[in-house]
1. Taking the inverse of the average 1/r across all pairs of different Cα atoms in region 57-123, what Kirkwood radius in Å do you get?
2. I need the Debye-formula profile for region 28-83: one equal scatterer per C-alpha, no solvent, reported as log10 I(q)/I(0) at q = 0.13, 0.29, 0.30 1/Å, two decimals.
3. How compact is region 86-197 by the rule of thumb for globular proteins, expressed as Cα Rg over 2.2 N^0.38 Å?
4. Name the residue from ALA47, SER60, THR132 whose Cα lies farthest towards the positive end of the charge dipole of region 35-147, charges +1 on Cβ of Lys and Arg and -1 on Cβ of Asp and Glu.
5. Using a 1.4 angstrom probe on heavy atoms only, work out the carbon and sulfur share of the accessible area of region 24-109 in %.
6. Treating region 97-153 as a set of equal point scatterers at the Cα positions, no solvent, please give the Debye-formula log₁₀ I(q)/I(0) at q = 0.18, 0.20, 0.26 Å⁻¹.
7. Considering only DSSP states other than H, G, I, E and B, which trypsin sites (Lys or Arg not before Pro) in region 116-151 qualify as loop sites with at most 11 other Cβ atoms within 10 Å?
8. State to the nearest 20 debye the size of the charge dipole of region 65-170 about its Cα centre, where the only charges are +1 on K and R beta carbons and -1 on D and E beta carbons.
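The values are calculated or read from the model by the stated rules, or taken from the named source; none is laboratory data. Since we're looking at a predicted model, the values are computed, not measured. We place every Cβ from the backbone using ideal geometry, glycine too, and count neighbours over all the protein chains shown. The accessibility values were calculated without ligands, DNA or RNA, using every heavy atom of the protein model including side chains. Shrake-Rupley method; radii C 1.70, N 1.55, O 1.52, S 1.80 Å.
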Amino acid sequence: MKKFIGFVLILFYSVIGNSQSEILNIQDSTIYEVSQEFPYGKIHPQAPEAISDFDMLIGSSICKSSVLLQGGKWSGTFDIKWNWKYIMNGRAVQDEGWYHNQGKETYFTSVRAYNPSQEHWYVSFFTPTMQTTPRTWTGGRKKDANNKDVIELIEKKTNANGDMIWNVLTFYDISDSAFHWKGEIANKTKKTEQTFWKIDCVKSEKGK
């Protein structure tokens, strides 16, 4: 009987010990997530160096935006609130936006994950009303024609004529206090480009 009780006690303390270990492991796996101390998360020290590409965007920004309308005219300026944070325990980035345009309330979010073997970002875009397969852009930080740092992301498509059409999203003039963004359609074969969306942002709350 004593041996049986001893066995039960050993089993009990073993289970408790394993449970406490699992709790500690879970805490370690979320230490760089959004928290009271880090409201926009934090980069994991073992994440690829490129995770810091978006570091100056992390936080909350108020932006002025306009889009190209049918007929070639630009819309009036509308405000966007654009928040950026680290997710996946500091190994990826998520941004979220809210805006009203022409009386329509709109939301969006993108998940940005870095592929170390291919050395570029994968960025997928989502809205709550989307009815098609999520679109994905790839790319990362580079130097532009003026040797300035930009973040360029490209979605490649083939049109009905067989021409390669690039949907290019570019972050530029990036600093701790502001950044700019533009969306362009580019036909690299004919070297023509058309800007379809412009956003200018000022940081209202920094993420670090």
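1. 13.8 Å
2. -0.54, -1.17, -1.19
3. Compactness ratio reported: 1.16.
4. Among ALA47, SER60, THR132, the one farthest towards the positive end of the dipole of region 35-147 is THR132.
5. Details: 2460 of 4880 Å².
Roughly 50 percent of what the probe reaches on region 24-109 is carbon or sulfur.
6. Reported log10 I(q)/I(0), two decimals: -0.77, -0.85, -1.01.
7. Passing both the DSSP loop test and the Cβ count: LYS148.
8. Rounded to the nearest 20 debye, it is 80 debye.
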